[in-house]
1. With a cut-off of at least 1 residues that are open to solvent by 50 Å² or more (accessible area, probe 1.4 Å) and modelled with pLDDT of 85 or more, name the helices (runs of 4 or more DSSP H) lying wholly within the range 102-216.
2. Out of (1) open to solvent by 50 Å² or more (accessible area, probe 1.4 Å); (2) assigned to a loop (DSSP other than H, G, I, E, B), what's the single condition that is false for F44?
3. Can you work out which of the residues in the range 48-69 that are in a loop (DSSP other than H, G, I, E, B) and among the hydrophobic types (A, V, I, L, M, F, W, C) is surrounded by the most Cβ atoms within 10 Å (Cβ to Cβ)?
4. Six or more apart or on different chains, Cβ atoms under 8 Å: show the pairs whose first residue is in the range 162-185 and among the charged types (D, E, K, R) and whose second is modelled with pLDDT of 85 or more and open to solvent by less than 70 Å² (accessible area, probe 1.4 Å).
5. Could you check the range 70-93 and list, in sequence order, the residues that are of a type in the set (A, V, I, L, M, F, W, C), open to solvent by 30 Å² or more (accessible area, probe 1.4 Å) and modelled with pLDDT of 80 or more?
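The values are calculated or read from the model by the stated rules, or taken from the named source; none is laboratory data. Note that the structure is predicted; figures quoted are calculated from it, not measured. All Cβ positions, even for glycine, are placed from backbone atoms using ideal geometry, and neighbour counts span all protein chains on display. Remember, those area values only see protein heavy atoms, side chains included, never the ligands or the DNA or RNA. Shrake-Rupley method; radii C 1.70, N 1.55, O 1.52, S 1.80 Å.
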Amino acid sequence: MDDLVVGSRYGGVGEVVKGGGRNEDGKMERPPEDDCCPICFGDFALPCKTNCGHWFCAGCILQFWRYRAAFECCKCPICCQKIKKLAPEASLLVQEEGEAVQALKNIQQYNRLYVGGVQGLILKAGSSPLLVKRVIQNLMDPGRFRVNYYTVRFIGLSLSSLYHTCGFHFIPAGALGVWRLFDLCAIFLVCIFFLIGICREWILRFRARHWRSLQN
């Protein structure tokens, strides 16, 4: 049987991982023994294969994806093709170690986000907490301040237009007016997340310097 069912112990709902780590001849696929992960340049740890045929450590490719835009699928670091499915090595599906179980959960979460059609919409709705988390991470990225600034202001403008079109009056806008109020709230939100991101980066750098000093 080419498809392996992922049971509930991995946090799934009886999902099927297409291919189950097998090639077209039905043989179990494994990463090349004389190769290494193209991201960390180390031996493959919990390997998974992309739909474009390249192998990566599950943790490496998912960490690479987390630095991309919130609603875009990851692009392969080798061929730049969009990664719409990650297939874990078949041995991962029968492992009980906590790290392997968590890696499989993360792969399932990624695959849910980029399934097309009605099934994809349903799976995306189920993964909405992950999307919200990624949006917040992007808002806290100081390097994306300009993009976040205009994007959130546009969303605020759209919401104010919707509010005005529907004839709502439950927000006490006062002399500012609804348009200006929504715009100021959007700017305030972006600035708050920007400052949180700056503080977060400072704390991480401080911890990194402290850790290096302990090593020395």
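1. Fully inside the range 102-216 and qualifying: 145-165, 178-215.
2. (1)
3. The extreme case among them is C52.
4. Note: pairs meeting the criteria are D183/G156; D183/S160.
5. The answer is I78, C79, C80.
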